[in-house]
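Here is the structure we will look at, set down as structure tokens.
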Protein chains: 2
Amino acid sequence: MAETPITPRAEDYSQWYQDVIAQAELAEPAGVVRGCMVIRPHGFAIWEAMQADLDRRFKETGHKNACFPLLIPMSFLEKEAEHVEGFAPELAVVTHAGGKELEEPYCIRPTSETIIGHFFSKWIDSHRDLPLLINQWGNVMRWELRTRLFLRTGEFLWQEGHTAHATHEDAKEEVLRMLDVYRDFAHEVMAMPVIRGIKTANERFAGALETRTVEALMQDGKALQSGTSHDLGQNFGKAFNVMFQNENKEREYVWQTSWGLSTRMVGALIMSHSDDGGLVLPPRLAPIHVVVVPIFKKDDEKAAVLEAANRIADELRSDGLQVELDDREGMKPGAKYFEWERKGVPVRIEIGPRDLEEQSVMTKVRVSELDERGKPKKEKLPMEDLGISIGKQLDDFQASLFDAAKKRLDESITFVDTWDEFRDVFADQSSRFVYAHWDGTTETELAIKDETKATIRCLPYESDAPAEAFQPGECVKSGKPSAQRVLYAKAY
Amino acid sequence: MAETPITPRAEDYSQWYQDVIAQAELAEPAGVVRGCMVIRPHGFAIWEAMQADLDRRFKETGHKNACFPLLIPMSFLEKEAEHVEGFAPELAVVTHAGGKELEEPYCIRPTSETIIGHFFSKWIDSHRDLPLLINQWGNVMRWELRTRLFLRTGEFLWQEGHTAHATHEDAKEEVLRMLDVYRDFAHEVMAMPVIRGIKTANERFAGALETRTVEALMQDGKALQSGTSHDLGQNFGKAFNVMFQNENKEREYVWQTSWGLSTRMVGALIMSHSDDGGLVLPPRLAPIHVVVVPIFKKDDEKAAVLEAANRIADELRSDGLQVELDDREGMKPGAKYFEWERKGVPVRIEIGPRDLEEQSVMTKVRVSELDERGKPKKEKLPMEDLGISIGKQLDDFQASLFDAAKKRLDESITFVDTWDEFRDVFADQSSRFVYAHWDGTTETELAIKDETKATIRCLPYESDAPAEAFQPGECVKSGKPSAQRVLYAKAY
């Protein structure tokens, strides 16, 4: 493999992102299908790890998976006025099938509230059928003009939860519960701190009463919306006649929610942890936890070293780790290190003749401090109980990635009170998370966006923002009164 | 729930099939999307169990999952002449997207050989890149005229394996290996015996050199193709210019395979084991292994019975079983039994006050022999080590389902030597598996199909058919010489 360089982040963050993806063989633009991508095995394995963890969380909170049609009659979208307005410009439309023109065209689902609303109306009859808690893993399509691998693609993979409840209160609890599932997943698994909050009316899901979001900070100071949870009220219930008989034998519309998280998260993961050496993966999402590289110079060393490398790999596998033994011939250890670092493998084990004598191995964590000679620190570990010590390294590495990202987030947060300062902050190339006051109008929100490209990411939860953000003040743009600060950032 | 009756199989097999699906809430026709279906949670959980088992087998044989675009440029299909001829009539076509007419329309993938061939040509350069072993889980669309839940739907879920190899021999080995994976899955997990064999040229996958199949016998005597594995030769390699440099530094086209298994298998499962009482599931695919039904008449019995029922449910769960405790109020035990039987739960545990005294429970396996009074046998089991005894019941039940299906398959097999007899067998409503001679021509194959609706399911493997099937004879239709018998059946 030619050692194609990765553009340093400081030079061109956007090119760095593409280079990391290409070098780690995560995905590539489909090219022949506009705006779509191919997710290659190493990238797909990361998504599978995300799916496995989220799916467990969804099932633990009482949800069941189901599968609804890919195609939706165009007329369905039109039943909810805001919904069609939001999604119509991005639809891919099937007009012909089976060699004939269709009487009514279908769109490829951009999201499934409408078709699922239709089926909920058939399945729900009594309050005993509620809550109905459904999730779907699948592909959706939104014909976007500007696309970027993982972050915004014509087709993407995601999960969409859809639930129906007897009361608005129950639905609201569900919205909060699932947002917290996303937050827990981001923190515990992605090692990516997020700020929970409520979207403004302008940034709300088309057809929702309220949208809640978890917002993450990327390394370049931009925000990335990482999961949303919507209170749909009775909007889709009314559009699709989803009614139930309550305990007083009265017919009522159900209260619905929906919530989704997509392959976008692979992009968020890359931009949270990776470095100029390539991909960095938190162990909980790494398809390969450990690579073992045998080192020998003479032929008479080879057999013993390979035997030990195999034994260690098997031992670690029996401890539940995913281990790759790189015994490729005709390739120097350094070239192997280079390749596995780019692929984000959290821990490398080097084993050579001297290690055999000492009954130890040399280990290197993917991101490590420099030693006194300016080289990345390695750690010598005894072969005995290696699974336990590697397990600890992985746990520590997972925690350190979260800590580093949390430190970056905390340091990025800036309180801004004047419009001049606001403009300056966002004119700066290094974008950041800004808490400033807002007068609550869409007009001001759009004016701010026009001038600075900064958008209101959310009205943060009190527990997720500094206490000072919840003191009243004056809108940074209009000077009108404001009850609390909101979170501004440039966003992906 | 109103106790809607299930049509007996003897009365109307096709209606019985639909009733079982409806009563077990497995799926329903989408209605508003022609020929498509909604897979409901109980049905989807069965597919998830199938996926989990197959995915493990694919990974154990070295395959990695990836994700390719849903849409395929129409021109791609035309690059392989037989392929487009086979699939063109069934395509769903996207002509508009993002509010504009597209310059080149896309079809929704009916299968992905073409688009994957395109990417293989970018990824493969040297013999060191081979074999390339990829699998994709996803949805595909084939606009079929006559559809039937699970068995044939416009959109269906499946996996499609796509591999590239340096030699035809390697590719052929892969074709055999993956067919055996399907056979093992059918036998060990679905409890469904299959016959492996080679398809005739007429029944081959469009664009393949050879198609291998596993064929199962449904209860009504019809065959169901349950998984296919294709030797694509260099057909797609040439169409998409997938070349590699061999060890002698010469450029060669790769040899490819593809193999697939779909949600059709949920239909096969239903028609292999279910009965007039509803769904029957082999334990290895049952989303719920055990339902615990507490029984009490007086209020003072209730607390103790519920406490014991909960304790037992928890114990079984800690043994790794999926357990449902049905403590719904205002519903008689008999109504609960009825409902869970229809949903195919393999084992029911009844627990009442007398059981508590005796420290035992009453158990009922979903399909059981009748006792001397003509009632289904129940078995009393001690509470101690209940997980072990229930585990044994489940294992025995899994084995008994396979044995019953195998017996039915063996008994169905009929050797036919004359055309009169052949016509009579297939004029009979109870279809069956027939071994008869064939002269090897498509002309005869189609003439037989025209007259009897029977098709050649495969040229069976020697190990999967009686030895007498491999003696020479004369074609049952033309009288011309034939080297071996082939498997005929009416098919789904």
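Overview of results
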read-out	value
Teacher prompt: A:THR4 distances to equivalent labels in other copies, 7 Å Cα→Cβ, nm	5.6
Within 10 Å of each Cβ in A:22-29, the average number of Cβ atoms from other chains	1
Under-5 Å amide H pairs with B:CYS107, H placed in peptide plane, nonlocal only	B:ILE72, B:MET74, B:VAL94
Degrees between helix A:113-123 axis and first principal axis of chain A (Cα, 0 to 90, nearest 10)	70 degrees
DSSP bridge pairs, chain A: antiparallel proportion in percent, nearest 5	85 percent
Helix-only mean residue ellipticity at 222 nm for chain B, each DSSP H run of n ≥ 4 adding -39500 (n - 2.57), per residue, nearest 500	-11000 deg cm²/dmol
Linear extension gain, B:GLU358 paired with B:ASP327, 0.36 nm per residue minus alpha-carbon span	9.0 nm
Inter-chain shielding of B:69-75 (mean C-beta neighbours from other protein chains, 10 Å cut-off)	6
Footprinting exposure proxy for B:HIS42, A:HIS96, B:HIS437 (fewest neighbouring C-beta atoms within 10 Å first)	A:HIS96, B:HIS42, B:HIS437
Average other protein chain Cβ within 10 Å of Cβ, residues A:123-130	1
For the stretch A:384-395, Karplus couplings with θ = phi - 60° (6.51, -1.76, 1.60), whole Hz, Gly/Pro x	5, 6, 5, x, 5, 6, 5, x, 5, 4, 5, 4
Under-5 Å amide H pairs with B:ASP275, H placed in peptide plane, nonlocal only	B:VAL280
C-alpha long axis of helix B:264-273 to longest principal axis of chain B, angle in °	50 degrees
Three-way shape call for the stretch B:13-273 based on the alpha-carbon gyration tensor, with the a/c threshold at 1.5	oblate
Charge tally in the Cβ shell below 14 Å around B:THR61, where Lys, Arg are +1 and Asp, Glu are -1, B:THR61 excluded	-2
A:THR418 paired with A:ALA304, simple spin-label distance in nm, labels 7 Å along Cα-to-beta-carbon	7.3 nm
Computed label-point distance, nm, for sites B:LYS122 and B:ALA81 using a 7 Å Cα→Cβ extension	2.9 nm
Centroid-to-centroid separation of the stretch A:17-92 and the stretch A:171-247 [C-alpha atoms, Å]	17 Å
Those chymotrypsin sites (Phe, Trp or Tyr not before Pro) in the stretch A:127-209 that DSSP places in a loop and that have at most 16 other beta carbons within 10 Å	none
The protein assembly as shown, Cα convex hull volume normalised per residue, Å³	210 Å³
Those lysines that a straight Cα-Cα span of less than 25 Å connects to B:LYS375, excepting residues fewer than 8 apart in one chain	B:LYS297, B:LYS332, B:LYS336, B:LYS343, B:LYS364, B:LYS392, B:LYS407
Order of B:ARG348, B:ARG152 under a 10 Å beta carbon neighbour criterion, fewest first	B:ARG152, B:ARG348
15 Å cut-off, amide nitrogen to a point 7 angstrom out along B:LYS449 Cα→Cβ, residues in the stretch B:194-217	B:199-207, B:211
Per-selection Kirkwood Rh - the stretch A:1-151 (Cα, Å, 1 d.p.)	18.8 Å
DSSP beta bridge pairing in the stretch B:294-450, given as percent antiparallel to the nearest 5	75 percent
Proximal lysines to A:LYS79, defined as alpha-carbon separation beneath 30 angstrom and excluding residues fewer than eight positions away on the same chain	A:LYS64, A:LYS100, A:LYS122, A:LYS172, A:LYS199, A:LYS238, A:LYS249, B:LYS100
Inter-centroid distance (Cα atoms) of the stretch B:307-331 relative to the stretch A:257-299, Å	40 Å
Net +/- balance of residues flanking B:ASN241 in space, Cβ distance below 11 Å, scoring K and R +1, D and E -1	+4
Within the protein assembly as shown, percent of DSSP bridges classed antiparallel, to nearest 5	85 percent
Order by protection proxy (mean Cβ within 10 Å, highest first), peptides A:364-375, B:320-331, B:270-281, A:390-401	B:270-281, A:390-401, B:320-331, A:364-375
Net charge of neighbours whose Cβ lies under 10 Å from the Cβ of A:VAL347, counting Lys and Arg as +1 and Asp and Glu as -1	+2
Sequence of A:GLU144, A:GLU85, A:GLU341, A:GLU11 once ranked by neighbouring C-beta atoms within 10 Å, starting from the fewest	A:GLU11, A:GLU85, A:GLU144, A:GLU341
Long-range HN-HN contacts of B:ILE351 with modeled amide H, under 5 Å	B:VAL293, B:ILE295
Helix B:299-318 axis, angle to chain B major axis (alpha carbon atoms, nearest 10°)	30 degrees
Distances in nm from A:GLY277 to the matching label points in the other copies, shortest first (labels 7 Å along Cα to Cβ)	6.3
Cubic angstrom per residue, convex hull over Cα atoms of chain A	185 Å³
At 7 Å out from Cα toward Cβ: A:ASN248 inter-copy label distances (nm, ascending)	8.8
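Rule-based calculations on the coordinates, nothing more; no lab input. Values in this document were obtained by computation on a predicted structure and should not be read as measured data. Cβ sites come from the backbone with ideal geometry, for glycine too, and all protein chains shown count toward neighbours.
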